[in-house]
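K.L.:
This is the structure, below, for whatever I ask next.
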Amino acid sequence: MTYAVIGGGNTGQAIAGYLALNDEKVSLYTRDEHRAARISRDGLDVAGIYSGYVQLKASTSMEQALIGAEIIIVSTTADGHKPVIKEMQPYLKPNQTIVFIPGYWGAIECKQILGSDIEAKNITIAETSAQPFISNADDAGGVVIRRIKSNVLVSTLSTAKGQPALPLRFWERFPHLIPSKNIFETSFNNTNVVVHVPISVFNASRIDDSKAFRFYPDGVSPLTVRYIEKVDEERRKIADLFDIETQDILSILNNFYGTDYSDLYKALPGLFPEGNGPTTLNHRYFTEDIPFGLVAISEIAKKAGIDIPYTDSLIDITCLLSAVDYRKEGVNLENITFEELSSYGAAAKLIN
């Protein structure tokens, strides 16, 4: 198949490199002119779980990147979804598939922006619950795929014509993914928002002072874990409104990595012994996980008349700490009724 990968960061380079290693035709879109020129000229050295040298075309032109693409993978940060969707819109062709990796409610934002174009052009919109690859790009020609998550959920957005299917060849290329019922199952099973934000808030003074610390081994305490579990309970409570089968955060992590930790306090530093914490509040654990994760859950809870004090407290305190209105900047569900939201959760047909 022919792929376009939108976003030239860690995940985008890892996905593009993985596809090219498997002899797929792939183009990479990045806004960084130097990165696009270097990758087009020198290619990518892929190391880690997968390894090899690949040559691929990178461009700062969205029009060029989308030419001939059957599947478009969006791997930007969540705050990049809206501008990227708007930039793609004029160049979308009939029968293309757009997959947000990971979702962060990207499918709903796509529906809001593309509107009738989705059905008119028979475009399939999909999203995953997480990134399948844990990777790092050095911006000097190398990308390392360190770990692979198993059992990552993927779903498609229902439309008036029903639930569109993902091509069989996509499933064959991404065996790390498993089908889920709908976009609520994917977005509600995003583990990042439940874990990152409480740890960041409980370590805010360290972060603000730019003190180096290991995010999980140093940043996690029994109190932090108890708060994470309370936020997780609220996440699952809202998911129940849509008959979504969700697992607790510990079970999700164990399934991702094939482990059998008995409690979250041991699991987090055990699974992630390395990795430094943020050194600024202007970090994706705040700027992505709150407005495009917790805010969406909170807005749905409000529409349903359900109190979720632990989640709302995190949003309120981080807005005050960062002097940013994350509710205003986040996923906008203001003009969507609860009934409309429920309609997006139609039963899925995911394999074509």
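K.L.:
Spot the failing condition for PRO94; the list is (1) within 30 Å of SER298 (Cα to Cα); (2) without any contact (Cβ under 8 Å) to a residue 40 or more places away in the chain; (3) assigned to a loop (DSSP other than H, G, I, E, B), and only one is missed.
P.N.:
(1)
K.L.:
Give region 327-347 a look and list any residue that's out of contact with any Gly (no Cβ under 9 Å at 6 or more places or on another chain), open to solvent by less than 40 Å² (accessible area, probe 1.4 Å), at pLDDT 65 or above and within 18 Å of GLY103 (Cα to Cα), or say none.
P.N.:
LEU333 - this is the single residue of region 327-347 that is out of contact with any Gly (no Cβ under 9 Å at 6 or more places or on another chain), open to solvent by less than 40 Å² (accessible area, probe 1.4 Å), at pLDDT 65 or above and within 18 Å of GLY103 (Cα to Cα).
K.L.:
Let me ask something else. Does ALA69 qualify as being assigned to a loop (DSSP other than H, G, I, E, B) and at pLDDT 95 or above?
P.N.:
Taking the combined requirement at face value, the residue satisfies it.
K.L.:
Spot the failing condition for PRO175; the list is (1) under 22 Å from the mean Cα position of the chain (by Cα); (2) surrounded by 17 or more Cβ atoms within 10 Å (Cβ to Cβ), and only one is missed.
P.N.:
(2)
K.L.:
Still on this structure, please answer the following. Of the residues that sit in region 27-38 and are in a helix (DSSP H, G or I) and free of Cβ contacts under 8 Å to residues at least 60 places away in the same chain, which one is nearest to the chain's Cα centre (by Cα)?
P.N.:
It comes out as ALA36.
K.L.:
Does VAL99 qualify as being over 13 Å from the mean Cα position of the chain (by Cα), among the hydrophobic types (A, V, I, L, M, F, W, C) and assigned to a strand (DSSP E or B)?
P.N.:
No.
A quick yes/no check of all residues on (1) under 30 Å from SER322 (Cα atoms); (2) among the aromatic types (Phe, Trp, Tyr); (3) touching a strand residue (DSSP E or B) at 6+ places or on another chain (Cβ under 9 Å); (4) not in a helix (DSSP H, G or I):
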residue	(1), (2), (3), (4)
CYS110	yes, no, yes, no
ASN122	no, no, no, yes
GLU127	yes, no, yes, yes
ALA140	no, no, no, yes
SER150	no, no, yes, yes
SER155	no, no, yes, yes
SER187	yes, no, yes, no
SER200	yes, no, no, no
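K.L.:
Taking TYR53, is it modelled with pLDDT of 95 or more and either within 18 Å of PHE170 (Cβ to Cβ) or open to solvent by 30 Å² or more (accessible area, probe 1.4 Å) (or both)?
P.N.:
Here the answer is yes, as TYR53 does meet what is asked.
K.L.:
Just the residues that are open to solvent by less than 10 Å² (accessible area, probe 1.4 Å) and assigned to a strand (DSSP E or B), please, taken from region 1-26.
P.N.:
Correct list: TYR3, ALA4, VAL5, ILE6.
K.L.:
OK, next. Looking at region 96-116 only, could you name the residues that are at pLDDT below 95 and more than 21 Å from ASP79 (Cα to Cα)?
P.N.:
SER116, the sole residue that qualifies.
K.L.:
Considering only residues that are surrounded by fewer than 24 Cβ atoms within 10 Å (Cβ to Cβ), within 28 Å of ASP32 (Cβ to Cβ) and polar (S, T, N, Q), which ones fall in region 101-139?
P.N.:
GLN112, GLN131, ASN136
K.L.:
Now for a different question. Considering only residues of region 204-216 that are within 28 Å of ILE101 (Cβ to Cβ) and assigned to a loop (DSSP other than H, G, I, E, B), which is most open to solvent (accessible area, probe 1.4 Å)?
P.N.:
TYR216
K.L.:
Continuing with this model, one more query. Restrict the check to region 77-91 and report whether at least one residue is of a type outside the set (Gly, Ala, Ser), open to solvent by 30 Å² or more (accessible area, probe 1.4 Å), touching a helix residue (DSSP H, G or I) at 6+ places or on another chain (Cβ under 7 Å) and not in a helix (DSSP H, G or I).
P.N.:
Yes; the residues of region 77-91 include at least one that is of a type outside the set (Gly, Ala, Ser), open to solvent by 30 Å² or more (accessible area, probe 1.4 Å), touching a helix residue (DSSP H, G or I) at 6+ places or on another chain (Cβ under 7 Å) and not in a helix (DSSP H, G or I).
K.L.:
For residues that are open to solvent by less than 10 Å² (accessible area, probe 1.4 Å) and on the phi > 0 side of the Ramachandran plot, tally how many sit in region 27-49.
P.N.:
1
K.L.:
Another question about this same structure. Report, by residue number, each residue of region 237-246 that is open to solvent by less than 80 Å² (accessible area, probe 1.4 Å) and modelled with pLDDT of 85 or more.
P.N.:
ILE238, ALA239
One line per residue, one yes/no per condition, for (1) free of Cβ contacts under 8 Å to residues at least 12 places away in the same chain; (2) within 25 Å of GLU109 (Cβ to Cβ); (3) under 19 Å from the mean Cα position of the chain (by Cα); (4) in a helix (DSSP H, G or I):
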site: GLU229; (1), (2), (3), (4): no, no, no, yes
site: TYR261; (1), (2), (3), (4): yes, no, no, no
site: THR279; (1), (2), (3), (4): no, no, no, no
site: ILE306; (1), (2), (3), (4): no, yes, no, no
site: ILE317; (1), (2), (3), (4): no, no, no, yes
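K.L.:
To continue, here is another question. If you go through region 59-76 one residue at a time, how many are closer than 11 Å to LEU28 by Cα and either open to solvent by 10 Å² or more (accessible area, probe 1.4 Å) or touching a His at 6+ places or on another chain (Cβ under 8 Å) (or both)?
P.N.:
6
The values are calculated or read from the model by the stated rules, or taken from the named source; none is laboratory data. The shown structure was predicted, so the numbers you read here are calculated from the model rather than taken from an experiment. Cβ coordinates were reconstructed from backbone atoms using ideal geometry, including for glycine residues, and neighbour counts include every protein chain displayed. We work out accessible area using only protein heavy atoms, side chains counted, and drop any ligands, DNA or RNA first. Shrake-Rupley method; radii C 1.70, N 1.55, O 1.52, S 1.80 Å.
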